[in-house]
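The values are calculated or read from the model by the stated rules, or taken from the named source; none is laboratory data. Every value quoted in this text rests on a predicted model; they were computed, and no experiment measured them. Note: ideal-geometry Cβ built from the backbone for every residue, glycine included; neighbour counts use all protein chains shown.
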């Protein structure tokens, strides 16, 4: 079997750049990378305000102090605060997966009895996809305590933050699930029903397993976004990484703390992002293998 | 022109000659910007809801046990952390309105703010049933005008401030507008 030019990269069609040998390509890409990095570095280092910017954003003592924190001086450890982001993310993720799946199944249902639920699910997705997450966080975080109820109104900001994130992200993830379910060919449903599975059984054993495999990359994409959006919960008063960075900056008038928070978020999100890339590549390889004669 | 507090200390050229916005002087802040001398000496006050435990029990030891909240970037928040040193981490909000809302819904037991603001919040009904528990002793905190680091204008403004202080203008203004503050009880952090 002759390899077509499209297969050469094993990543699909090349969009940029021409042919040429492997060595020449490596040399060219190295050279272009060096030039780009050098130009950016030169711009940064030679700008009139460079020393000022380096002091304000990259001062080593400030980077260190904001990372470890010192409550007696009025600021908190960003390194400890990111742990709250991680916990909020992990808890929210579980609830989102469950809630979004229920929503998606309701939206995909066809029975006439389910109509009222379908309408509610549709309205839910419309509203929570349309309202900015930060507004949902405000509404939940300041609204529920104002109700003055027993358990509902006495939770901490992190709990309200997680509730708001679950409300907001479930609407997105519901649509991702739906896309996955719709991507399973209709013939599969027909086949499942014809061997005697009920509608629920065919959903559980035939449709969902195939749907979930398709949507793992977009799901992880949403979760990367969720990891970052845990920072929004800071508006409710909880000291998470972003808030700890803001407090440091406001106390010492130096922005290096934001760089620390940014790096910590990168450390969290980059592995997940590359895991997503890996899954996409693996899935693609499988499909290509499956399609080969 | 209106300059948000957060950008008032950003590096680079300023869009203003000086910023006068009840910005408190601190030695750490003065490493990044220049401040004029004091135009007003500030004390911090404690605000809580009427009938809550902190209104009656606020010895220095008692104070450590409460959940405080405050606005980010304020000297009031620093006051809580450095002088009250509560056992539970305070909740830190974007705006004083959010702090007020958190107090009204009992998310926090009390918050600290400078006396002029505290007086306004409790008397204007901004938080229903709120009360000034007391005023903390002066920590030497004062408001100054904020300038770019090393701006020569500072000297000029300081001369004017000295004149206003010497001829009694500053005292007269404080008596005229801020008389009430002298009647608030003093408590210890």
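If you take the residues of the range A:246-261 that are within 7 Å of chain B (Cβ to nearest Cβ) and in contact (Cβ under 8 Å) with a residue 24 or more places away in the chain, which of them is nearest to residue A:59 (Cα to Cα)? Per the criteria, the residue is A:254. Within the range A:148-183, the set of residues being farther than 27 Å from residue A:130 by Cβ and away from every other protein chain (no Cβ under 12 Å) comprises A:150, A:151.
Selection over the range B:50-66 of residues that are surrounded by 19 or more Cβ atoms within 10 Å (Cβ to Cβ) and more than 14 Å from residue B:136 (Cβ to Cβ) gives a count of 1. Inclusion of residue B:38 among residues that are touching a strand residue (DSSP E or B) at 6+ places or on another chain (Cβ under 6 Å), surrounded by 14 or more Cβ atoms within 10 Å (Cβ to Cβ) and more than 9 Å from every other protein chain (Cβ to nearest Cβ) is warranted. Say whether the condition of being over 18 Å from the mean Cα position of the chain (by Cα) and either more than 14 Å from residue A:235 (Cβ to Cβ) or modelled with pLDDT of 90 or more (or both) is met by at least one residue in the range A:159-175. Yes; the residues of the range A:159-175 include at least one that is over 18 Å from the mean Cα position of the chain (by Cα) and either more than 14 Å from residue A:235 (Cβ to Cβ) or modelled with pLDDT of 90 or more (or both). Could we say that residue A:65 is touching a helix residue (DSSP H, G or I) at 6+ places or on another chain (Cβ under 8 Å), under 30 Å from residue A:80 (Cα atoms) and surrounded by 10 or more Cβ atoms within 10 Å (Cβ to Cβ) here? Spelling it out, residue A:65 is indeed touching a helix residue (DSSP H, G or I) at 6+ places or on another chain (Cβ under 8 Å), under 30 Å from residue A:80 (Cα atoms) and surrounded by 10 or more Cβ atoms within 10 Å (Cβ to Cβ).
Does residue A:232 fit the bill of being crowded, with 17+ Cβ neighbours inside 10 Å, assigned to a helix (DSSP H, G or I) and away from chain B (no Cβ under 14 Å)? No. The numbered conditions (1) facing chain A (nearest Cβ under 10 Å); (2) more than 25 Å from residue A:244 (Cβ to Cβ); (3) crowded, with 23+ Cβ neighbours inside 10 Å are all true for residue B:118 except (1). The single residue among A:102, A:125, A:106 that is within 30 Å of residue A:198 (Cα to Cα), touching a helix residue (DSSP H, G or I) at 6+ places or on another chain (Cβ under 7 Å) and without any contact (Cβ under 8 Å) to a residue 24 or more places away in the chain turns out to be A:106. Do we find that residue A:139 is within 30 Å of residue B:89 (Cβ to Cβ) and surrounded by fewer than 20 Cβ atoms within 10 Å (Cβ to Cβ) in this structure? Yes; evaluated as a whole, the condition is true for this residue.
Checking the stated criteria, residue A:186 turns out not to satisfy the condition of being touching a helix residue (DSSP H, G or I) at 6+ places or on another chain (Cβ under 8 Å) and away from every other protein chain (no Cβ under 14 Å).
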